[in-house]
1. Please verify whether the stretch 82-103 includes one or more residues that are buried (at least 22 other Cβ atoms within 10 Å of the Cβ), at pLDDT below 95 and not in a helix (DSSP H, G or I).
2. Out of 122, 145, which single residue is surrounded by fewer than 17 Cβ atoms within 10 Å (Cβ to Cβ), out of contact with any strand residue (DSSP E or B) (no Cβ under 6 Å at 6 or more places or on another chain) and more than 20 Å from residue 58 (Cα to Cα)?
3. Being on the phi > 0 side of the Ramachandran plot and assigned to a loop (DSSP other than H, G, I, E, B) narrows it down to one of 115, 50, so name that one.
4. I'd like the full set of residues that are farther than 20 Å from residue 81 by Cα and free of Cβ contacts under 8 Å to residues at least 24 places away in the same chain, limited to the stretch 114-149.
5. Condition first: farther than 22 Å from residue 158 by Cα, surrounded by fewer than 19 Cβ atoms within 10 Å (Cβ to Cβ) and in contact (Cβ under 8 Å) with a residue 40 or more places away in the chain. Can you find one or more residues in the stretch 38-61 that meet it?
């Protein structure tokens, strides 16, 4: 077990709390990077848009996303824990998760960074499908990991409706 890959595969079993902290913090940090685009468009552009009646106040988004990223990190950790026994399924789940996360960050870049509401709607539609794919891949490894993503799927479903309403109004 001298290779980095072997060490990473065994970390969740050898040091579960450390691995959980690493997974959650990694997802939180990467997820927070999307805030660069959000902050860029929030004050100058977003404030000028007609808001749908169902739009929550801006302060809601930070705590919701922090919670969802923590749940994603916990789900990733549950999958990572099975890396030694199910290496192929875990690699597939991690790859699908990574692709999905690109679209998660991409939505912020498109909606707030590029200020393209319609393209944001298309991006969130792809993201929604990729969340389902991630849940499927995670579920093959640990059903609890897939279950931890249900609140995320529900929030992104709401966000898609919200994105659509912004598109219609603006």
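1. Looking through the stretch 82-103, at least one residue is buried (at least 22 other Cβ atoms within 10 Å of the Cβ), at pLDDT below 95 and not in a helix (DSSP H, G or I).
2. Numbers: 145 fails: surrounded by fewer than 17 Cβ atoms within 10 Å (Cβ to Cβ).
One residue alone meets the criteria, 122.
3. 115
4. The first filter runs over the stretch 114-149 and keeps only residues farther than 20 Å from residue 81 by Cα, leaving 114-132.
If the condition is that a residue be farther than 20 Å from residue 81 by Cα and free of Cβ contacts under 8 Å to residues at least 24 places away in the same chain, then 114, 116, 119, 122, 123, 126, 129, 132 are the ones that fit.
5. Within the stretch 38-61, one or more residues are farther than 22 Å from residue 158 by Cα, surrounded by fewer than 19 Cβ atoms within 10 Å (Cβ to Cβ) and in contact (Cβ under 8 Å) with a residue 40 or more places away in the chain.
The values are calculated or read from the model by the stated rules, or taken from the named source; none is laboratory data. Since this is a predicted model, take the numbers as computed values, not measurements. As a convention, Cβ positions derive from the backbone with ideal geometry for all residues, glycine included, and neighbour counts pool all protein chains shown.
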